[in-house]
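A.B. asks: My questions all concern the structure below.
No lab work stands behind these numbers, since they all come straight from the coordinates. Everything numeric in this text was worked out from a predicted model, so none of it was measured. With ideal geometry, Cβ positions are generated from the backbone for all residues, glycine too; neighbour counts draw on all protein chains shown.
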Amino acid sequence: MIGIGIIGAGGIAQAHAEAVRSLADRARLVAIAETDPARARTFAEKHGVGKIAADRRDLLADPAIRMVCICTPNATHASFCVEALEAGKAVLCEKPIAGSLAELDLIADACRRTGGIVSSIFNWRYGGGYRAMRELVAGGAAGRVLWAQVNVLWRRTAEYYRSAGGWRGTWKGERGGPLITLGIHAIDAAFSLLAAPCEVHAVVDRFTHDVEVEDTSAAVLRLADGGMASVNVTSASHDESSQVQFVCERLTASSNREPYAAAEWPWFFHSDDPRTRDLIDAIAVRSRPEREENAHLAQIRDFLDHLERGENGPVPLGEARRSLEVIAGIYKAGFTGQPAALPLSPDDPFYREMNGGRILEGRRGRR
Ligand SMILES: NC(=O)c1ccc[n+]([C@@H]2O[C@H](COP(=O)([O-])OP(=O)(O)OC[C@H]3O[C@@H](n4cnc5c(N)ncnc54)[C@H](O)[C@@H]3O)[C@@H](O)[C@H]2O)c1
């Protein structure tokens, strides 16, 4: 039985606690650490957690806890991952696992020092449609991916940015805007299937929201194998949709457009090649569940499987790096107005911080 502690009892922690409850034969929620005492009590009562830690360090010192889920605001992730690794815990951290490439490398150093296990939540990777596409690419049926597109058009209100203590919408608390907090799911889903990005052209801007970060971005990327991709993300949309699309040598693939479930079935595949069509049909039959499982539950189960085998994963730092590199490149190209070459070097200001230490003026109110 694996003892689990959760740090942060806000919105997404509920999904972690419910997943642990569904895995009661393998895992048990031992403690919650939360700085807001009333929220901690409500959470503990709702999920039957025996121990409330006012300070996360008390939770990390508890020998009954082997695995820690980090569910706090973005800016805390890297330092909490390092602390948890140093305390000997296996770590599953909400996305984005780090707020910059520099922060990601601090976690990588701690991982090397401690030999610990650390994985980023990327729940979209458990959607059946994404998994079918992954199999088609990994098994070679799709051929080379020539072009990919990521569109994330979500609606966020002024209340969303004001609530939760105001960490959202700031470089300090959120470490970026919708690119790093909302678009990252679809960016990870697409770029986990592509060659490494090597050049980024982008514009980032703020049209609607009264925040420091961008609310809208558009980018075009060149990939190391000659392929290309575009990424469009906004939190200023009136309607909501998400979509990832691919043109490959032997097929074309499109996700559905459900804003929060684009990785799930249905996906739409087309090919001129009869053999590829047969492969698509076979994979679709195999990977299309009657009902999609809750993706946090699927990833936490997968994490427990990795932990029990002593393996790092399911989304180790090397894989989590890709989306952060794309996002850092988009910010660099957007802020500087120049193409950004990837990978960024450690002395690059955009490696250290997503805004490269700059202020985003934004076009709000301008004509
Ligand atoms: N995977 C997903 O689909 C998904 C969805 C929503 C949010 N998230 C991610 O989850 C994280 C949390 O988002 P949220 O919407 O739950 O935020 P939230 O503000 O609702 O919850 C964060 C909680 O952390 C607590 N907290 C802050 N500092 C703390 C500390 N030092 N020790 C203990 N508790 C502390 C806050 O009091 C709050 O209760 C974010 O990084 C976000 O990007 C992921």
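A.B. asks: Quick check: from the Cα gyration tensor, does segment 226-285 come out rounded (a/c under 1.5), prolate or oblate?
C.D. replies: The shape class here is oblate.
A.B. asks: Then there's this: Once you have the Cα-Cα distance between ALA341 and GLU249, take 0.36 nm times their residue separation minus that, and quote the gain in nm to one decimal.
C.D. replies: 30.5 nm
A.B. asks: Under 12 Å Cα to Cα from LYS89, which aspartates and glutamates show up? Leave out anything in the same chain fewer than 8 places away.
C.D. replies: Answer for LYS89, where 12 Å is the Cα cut-off: ASP62, listed by chain and number.
A.B. asks: Another question, if that's okay. Rounded to the nearest 500, what is the 222 nm mean residue ellipticity of the chain from helices alone, with -39500 (n - 2.57) per DSSP H run of 4+ residues and division by all residues?
C.D. replies: Mean residue ellipticity, 222 nm, calculated: -10500 deg cm²/dmol.
A.B. asks: Label-point separation (nm) for GLU18 and ALA61, each offset 7 Å from Cα along Cα-to-Cβ?
C.D. replies: That separation, rounded to one decimal, is 3.5 nm.
A.B. asks: Which of the aspartates and glutamates could be linked to LYS172 by a straight reach, that is with a Cα gap under 12 Å, when you skip same-chain ones fewer than 8 residues away?
C.D. replies: Excluding near neighbours in sequence, the set is GLU212, GLU353.
A.B. asks: Have a look at GLY143, ILE300, PHE335 and report the one farthest towards the positive end of the charge dipole of the chain, computed about the Cα centre with Cβ charges (Lys/Arg +1, Asp/Glu -1).
C.D. replies: PHE335
A.B. asks: Next up: May I ask for the equivalent-ellipsoid semi-axes of segment 197-331, computed as the square root of five times each C-alpha gyration tensor eigenvalue and listed largest first in whole Å?
C.D. replies: Over the Cα atoms of segment 197-331, the semi-axes work out to 28, 22, 18 Å.
A.B. asks: Here's another thing I want to ask about it. Once you have all Cα-Cα distances for segment 79-158, histogram them in 10 Å bins from zero and send the whole-percent values.
C.D. replies: Bins of 10 Å from zero give 15, 30, 27, 26, 2 percent of pairs.
A.B. asks: Of all DSSP beta bridges located in the chain, what percent are antiparallel, nearest 5?
C.D. replies: Approximately 55 percent, going by the DSSP bridge assignments.
A.B. asks: To continue, here is another question. Going out from 0 in 20 Å bins, what whole percent of all Cα-Cα distances in the chain drops into each bin?
C.D. replies: 29, 59, 12, 0
A.B. asks: Still on this structure, I have one more. By how many nm would the segment from ALA138 to ASP348 lengthen if fully extended, with 0.36 nm per residue of separation less the alpha-carbon distance?
C.D. replies: 72.3 nm
A.B. asks: Given the peptides 232-238, 272-278, arrange them by the average over their residues of other C-beta atoms within 10 Å, most packed first.
C.D. replies: Result, highest mean first: 232-238, 272-278.
A.B. asks: Given Cβ point charges of +1 (Lys, Arg) and -1 (Asp, Glu) and nothing else, what value in debye, to the nearest 20, does the dipole of the chain about its Cα centre take?
C.D. replies: 300
A.B. asks: Which order do the peptides 195-201, 321-327 take when ranked by the mean count of other beta-carbon atoms within 10 Å per residue, highest first?
C.D. replies: 321-327, 195-201
A.B. asks: Just need the relative contact order of segment 1-86 here, percent rounded to a whole number, with Cα pairs under 8 Å and 6+ apart.
C.D. replies: Worked out over segment 1-86, it gives 37 percent.
A.B. asks: Highest mean first, how do 258-271, 83-96 rank when packing is the count of other Cβ atoms within 10 Å averaged over residues?
C.D. replies: 83-96, 258-271
A.B. asks: Express in nm, to one decimal, how much length is gained between ASP25 and HIS270 on full extension, taking 0.36 nm for each residue of separation and deducting their alpha carbon distance.
C.D. replies: 84.0 nm
A.B. asks: So what's the Cα pair-distance distribution over segment 2-67, bin width 5 Å, in %?
C.D. replies: Result returned by the calculation: 4, 20, 33, 27, 13, 2, 0.
A.B. asks: Report the Cα centroid-to-centroid distance between segment 106-183 and segment 279-347 in angstrom, as an integer.
C.D. replies: Value for the Cα centre distance between the two parts: 6 Å.
A.B. asks: Scanning the chain for helices, which whole DSSP H stretches are 24 Å or more long along the axis (Cα) and average 0.0 or more by Kyte-Doolittle?
C.D. replies: Helices meeting the span and hydropathy rule in the chain are 317-336.
A.B. asks: Step through the residues of segment 352-362 one at a time and calculate ³J(HN,Hα) from phi using the Karplus curve (6.51 cos²θ - 1.76 cosθ + 1.60, θ = phi - 60°), rounding each to whole Hz and writing x for Gly and Pro.
C.D. replies: Going residue by residue, I get 6, 9, 4, 9, x, x, 9, 9, 8, 5, x Hz, with x marking Gly and Pro.
A.B. asks: Ok, one more. Any idea what Rg and Dmax come out to for segment 130-220 if you just take the C-alpha atoms, in Å?
C.D. replies: Radius of gyration, then largest Cα-Cα span, for segment 130-220: 16.0, 48 Å.
A.B. asks: Further question on the same structure: Which of GLU174, GLU353, GLU45 moves the most in a Gaussian network model of the chain with Cα springs under 10 Å?
C.D. replies: The residue that fluctuates most here is GLU45.
A.B. asks: Taking a cut-off of 19 Å between Cα atoms, list the aspartates and glutamates near LYS46, but don't count ones fewer than 8 places away on the same chain.
C.D. replies: The reachable aspartates and glutamates, counting only those whose Cα sits under 19 Å from LYS46, are GLU18, GLU34, ASP36.
A.B. asks: Starting from the Cα gyration tensor of segment 272-340, take the square roots of the eigenvalues, sort them a ≥ b ≥ c, and report rounded, prolate or oblate (rounded when a/c is under 1.5, otherwise prolate if a/b is larger than b/c, else oblate).
C.D. replies: Oblate, since a/c reaches 1.5 and b/c is not below a/b.
A.B. asks: Between VAL220, VAL285, VAL231, where does the largest GNM mean-square fluctuation fall for the chain, given springs only between Cα atoms within less than 10 Å?
C.D. replies: Looking only at VAL220, VAL285, VAL231, the largest GNM fluctuation is found for VAL285.
A.B. asks: Moving on to the next point. Would you mind giving the three semi-axes, in whole Å and largest first, of the ellipsoid equivalent to segment 1-114 according to its Cα gyration tensor?
C.D. replies: After scaling each eigenvalue by five and taking roots: 22, 15, 13 Å.
A.B. asks: Quick one: what are the phi-derived ³J(HN,Hα) couplings along segment 169-182, Karplus 6.51/-1.76/1.60 with θ = phi - 60°, whole Hz, x for glycine and proline?
C.D. replies: x, 10, 5, 5, x, 9, 6, x, x, x, 4, 8, 9, 9
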